[in-house]
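Below is one structure, written out as structure tokens, with a few remarks after it.
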There are 2 protein chains.
Amino acid sequence: MANKSISVAAPATVANVACGFDALGFAVNSPSDVVTMRMLDEPGIRILPVRGPYGEGLSTDPAKNTAGVAVASFLKRIKSIQGFEIILYKNLPLGSGLGSSAASSAAAVFAANELMGRPLAVEALIPCAMEAEKIACGAAHADNVAPALLGGFVLIRSYEPLDIVHIPCPENLFCTLLHPHVELRTEDSRKILRSEIKLIDAITQWSNLAGLIAGLITANYPLIGRSLQDVIIEPIRSVLIPGFDVIKQAALKNGVLGCSISGSGPSIFALSTDEATANKAGQAMQQALSEIDLTSDLFVSRINMHGAQVIKF
Amino acid sequence: MANKSISVAAPATVANVACGFDALGFAVNSPSDVVTMRMLDEPGIRILPVRGPYGEGLSTDPAKNTAGVAVASFLKRIKSIQGFEIILYKNLPLGSGLGSSAASSAAAVFAANELMGRPLAVEALIPCAMEAEKIACGAAHADNVAPALLGGFVLIRSYEPLDIVHIPCPENLFCTLLHPHVELRTEDSRKILRSEIKLIDAITQWSNLAGLIAGLITANYPLIGRSLQDVIIEPIRSVLIPGFDVIKQAALKNGVLGCSISGSGPSIFALSTDEATANKAGQAMQQALSEIDLTSDLFVSRINMHGAQVIKF
């Protein structure tokens with residue numbers, strides 16, 4: 001008899017969110033990575049050749065694939081030698097700023113936990129998925145994996161000890177995500193950041209982050225809009241993103257609340273209060289990019305409020 | 001017939017609030033400055049000799065007294081040449097970190113607005129009181145005058161344009177304020193700050209401020225406590241405050257949520273979930289200070305939710 005199998009989807013995530021560098025992230029409803037997992041009768045993690053539009057060339061070595069690393073960390077944590085077979089459907093491009101590696105590891109670790117009868121709470125899966133971020137981008141960040149697992153807006157208040165704070169957000173918040181077809185390695189886009197910043201800029205940044213958190217929790221859309229400003233990271237990283245300024249202007253002209261870099265880029269996100277604005281702005285952003293002869297993918301969705309979840313597949 | 005007179009109290013305020021340097025402040029119920037004002041039949045601002053425990057030696061020149069400067073700015077804004085007589089009861093020591101200059105200017109400008117039949121909304125009085133902060137501490141800060149006028153927790157998201165955000169807070173939040181009898185000039189305690197900071201410290205700071213804002217709005221006391229940390233300003237300024245470390249330890253050992261410098265010091269604030277803890281911690285803080293032969297004033301009160309208000313006096 002075939003062992004029980006399960007399919008789990010984990011969503012793309014927007015980290016940093018303009019003023020919340022290395023602190024804030026949120027999940028969207030589309031796109032998602034999907035993992036189908038099966039328990040094996042013998043120990044060991046076996047990854048089948050990766051499928052999906054961005055699966056080509058991805059490692060099937062469990063120590064080099066974020067899904068494998070996350071599941072290995074999970075097994076270590078629950079002191080189990082259970083074996084798994086993993087099929088990964090890679091729908092998120094790597095190096096896109098969409099939290100691609102986080103989506104794979106979140107889906108895999110969520111699936112493993114489900115198959116084992118939920119020995120851990122979802123929050124406790126975050127450190128397992130963070131382990132996988134180390135091999136993906138050189139640091140065990142949580143601002144993609146936490147929202148990929150939990151959904152919604154998530155604040156990483158502290159790493160030692162890990163303190164994950166769910167930030168309530170209004171129901172009518174739509175995200176436009178533009179993924180230009182250029183690749184940026186997270187490591188490279190971190191390298192260009194300065195290790196010292198001006199105190200006066202930091203004050204501007206934390207005042208905006210405080211405003212954004214207040215705006216999200218109290219459903220104050222104009223405040224969210226005024227707070228979506230990044231005076232520290234965006235001015236530096238945006239030079240790596242072709243056409244960033246015209247794309248952002250196109251979004252703002254079309255009525256979005258705010259627009260900035262998704263994660264470490266090159267993807268660009270915008271937030272809107274309604275789907276029509278989110279779509280219209282997205283088309284304008286895509287058009288602005290096409291004028292410098294670059295193609296892109298466009299995703300428009302509500303904020304994802306559930307995170308990773310079991311799907312029929 | 002004597003012209004109409006009015007008395008207004010405006011409270012002490014705690015600016016910075018650990019992680020919210022130059023961005024966040026809140027008001028307490030005690031102590032307060034009081035202004036009694038009377039409309040004159042002729043133009044001009046007349047300040048009578050300042051009364052109260054800290055009135056001695058304060059200037060009665062309207063251009064050098066924060067109450068006078070604030071009222072002059074108010075009159076300019078409403079294009080009036082109305083004259084006023086101001087009696088200031090100075091209950092807050094200058095250079096204490098309790099928002100002393102802000103309390104006087106807030107009370108005065110609030111009183112003038114009341115006497116004139118409220119030509120301006122309270123929020124519009126903030127820029128008038130900020131003008132007075134320029135002469136008091138060299139910069140037009142709003143993190144004391146805004147909570148002194150409005151009450152509660154107030155975020156200054158932006159100065160240009162001025163964006164004042166009221167932050168809801170839980171009902172059961174008590175503030176312990178210890179004022180050591182040493183004077184620190186705001187200008188001096190600003191001078192020792194570095195104009196450049198580490199990005200990694202800034203991330204810690206804005207993560208904590210985001211946590212504090214979320215904790216306040218959602219009444220999550222443990223989160224408020226975990227977030228009340230200042231890794232940038234406190235380590236530098238606390239060296240100017242005799243016994244700071246032992247006072248803070250005394251507060252934390254007695255169950256407060258958190259403890260840090262009030263404004264630019266030397267006063268020290270702590271937040272607690274109940275009055276008994278706030279009192280007990282205050283006594284322990286005062287005791288710790290007395291062991292290095294320094295006297296102090298101790299104030300314990302709820303968060304002030306109304307700001308400046310007309311009183312019978």
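The values are calculated or read from the model by the stated rules, or taken from the named source; none is laboratory data. This one's a predicted model, so the numbers in the text were calculated from it and none came from an experiment. Note that each Cβ is placed from the backbone with ideal geometry, even for glycine, and that neighbours are counted across all protein chains shown.
Assorted remarks:
- Residue in region A:5-15 that is farthest from A:ILE311 (Cα to Cα), counting only those that are more than 14 Å from chain B (Cβ to nearest Cβ) and under 14 Å from the mean Cα position of the chain (by Cα): A:VAL14
- Selection count, region A:200-228, where residues are over 22 Å from B:LEU216 (Cβ atoms) and crowded, with 21+ Cβ neighbours inside 10 Å: 0
- Hits in region A:64-84 (condition: over 14 Å from A:PRO49 (Cα atoms), part of a loop (DSSP other than H, G, I, E, B) and in contact (Cβ under 8 Å) with a residue 12 or more places away in the chain): A:ILE78, A:SER80, A:ILE81, A:GLN82
- Candidate set: region B:85-110, residues that are hydrophobic (A, V, I, L, M, F, W, C) and part of a loop (DSSP other than H, G, I, E, B); chosen: the one surrounded by the fewest Cβ atoms within 10 Å (Cβ to Cβ): B:LEU94
- One residue from B:PRO49, B:PRO53 being surrounded by fewer than 17 Cβ atoms within 10 Å (Cβ to Cβ) and either among the polar types (S, T, N, Q) or under 30 Å from B:VAL300 (Cβ atoms) (or both): B:PRO53
- On the stretch given as region A:127-165, residues that are of a type outside the set (A, V, I, L, M), more than 15 Å from A:ASN16 (Cα to Cα) and within 14 Å of chain B (Cβ to nearest Cβ) total 4.
- Taking the criterion of being surrounded by 19 or more Cβ atoms within 10 Å (Cβ to Cβ), out of contact with any strand residue (DSSP E or B) (no Cβ under 9 Å at 6 or more places or on another chain) and under 19 Å from A:LYS4 (Cα atoms), the only residue of region A:111-147 that qualifies is A:ASN113.
- Any hit, region B:169-177, residues being assigned to a loop (DSSP other than H, G, I, E, B), surrounded by fewer than 24 Cβ atoms within 10 Å (Cβ to Cβ) and within 10 Å of chain A (Cβ to nearest Cβ): no
- The set of residues in region B:16-69 that are over 18 Å from the mean Cα position of the chain (by Cα), among the polar types (S, T, N, Q) and more than 22 Å from B:GLU187 (Cβ to Cβ) comprises B:THR36, B:THR60.
- Selection within region A:231-254 - outside any helix (DSSP H, G or I) and either within 21 Å of A:SER296 (Cβ to Cβ) or in the same structural domain as A:CYS19 (by TED's automatic domain parsing) (or both): A:ILE241, A:PRO242, A:GLY243, A:ASN254
- Residue in region A:283-300 that is surrounded by fewer than 24 Cβ atoms within 10 Å (Cβ to Cβ) and in contact with a Cys (Cβ under 9 Å, 6 or more places away or on another chain) present: yes
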